[in-house]
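The values are calculated or read from the model by the stated rules, or taken from the named source; none is laboratory data. As the structure is a computational prediction, the values presented were derived from the model and not from experiment. Glycine also receives a Cβ, built like all others from the backbone with ideal geometry; neighbour counts cover every protein chain displayed.
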Amino acid sequence: MKHSKPLTIEELRKKFKAAGNVNVQHKERLSGINRIALWITDHVGSMGFFLIIFCWTILWLSWNTLGPVNLRFDPFPAFVFWLFISNMIQIFLMPLIMIGQNLQSKHAELRSEEDYAINIKAEAEIETILMHLENQSELIQQILDKMKDPQENQSAGGNKLTNG
């Protein structure tokens with residue numbers, strides 16, 4: 001069973017480009033405004049930001065409910081100013097987070113494309129190694145067959161002499 005000649009290391013290197021660091025490439029391509037959007041997305045989606053908002057809300061509502069009456073600036077039960085600020089934060093953060101998520105999605109897509117290219121290269125390398133092993137097995141078998149032939153000829157000839 002003859003196979004096509006396996007690729008050499010040089011041929012494999014020419015056929016497939018070397019893997020690069022997609023994370024560095026992606027970071028270098030980002031504009032300043034996109035870096036800001038990613039920074040905001042990363043930090044707003046953290047437990048620290050949640051705790052800041054949670055504490056701010058508790059302090060605001062507690063002061064305006066339980067604080068001295070003459071120092072309350074956003075009276076209970078409406079908390080109109082608190083609702084206004086909270087809604088403004090949400091309105092501004094929502095599109096920024098969506099932009100950041102889109103950028104993160106593009107980055108993930110680049111990483112998956114690079115992973116796929118590496119997998120294709122690894123598959124070609126493995127196939128080449130297997131072809132080399134099959135060729136070596138065939139060569140070893142041919143050598144073994146050649147080594148057996150003289151022994152079989154001698155033992156077959158020797159039997160004829162002793163039997164004849």
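Quick rundown of the values:
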read-out: Single unsatisfied condition, V22 versus (1) under 16 Å from G100 (Cα atoms); (2) among the hydrophobic types (A, V, I, L, M, F, W, C); (3) under 23 Å from the mean Cα position of the chain (by Cα); value: (1)
read-out: Single match in L7, L30, L12 (criterion: of a type in the set (A, V, I, L, M) and at pLDDT 90 or above); value: L30
read-out: Residue check for F49: surrounded by 11 or more Cβ atoms within 10 Å (Cβ to Cβ), modelled with pLDDT under 85 and among the aromatic types (F, W, Y); value: no
read-out: Residues (free of Cβ contacts under 8 Å to residues at least 12 places away in the same chain and surrounded by 10 or more Cβ atoms within 10 Å (Cβ to Cβ)) located in segment 73-85; value: F73, P75, A78, F81, L83, F84, I85
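Every residue, every condition in (1) under 30 Å from N21 (Cβ atoms); (2) exposed (fewer than 10 other Cβ atoms within 10 Å of the Cβ); (3) small (G, A, S); (4) at pLDDT below 95, yes or no:
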position	(1), (2), (3), (4)
W39	yes, no, no, yes
T65	no, no, no, yes
L71	no, yes, no, yes
I126	yes, no, no, yes
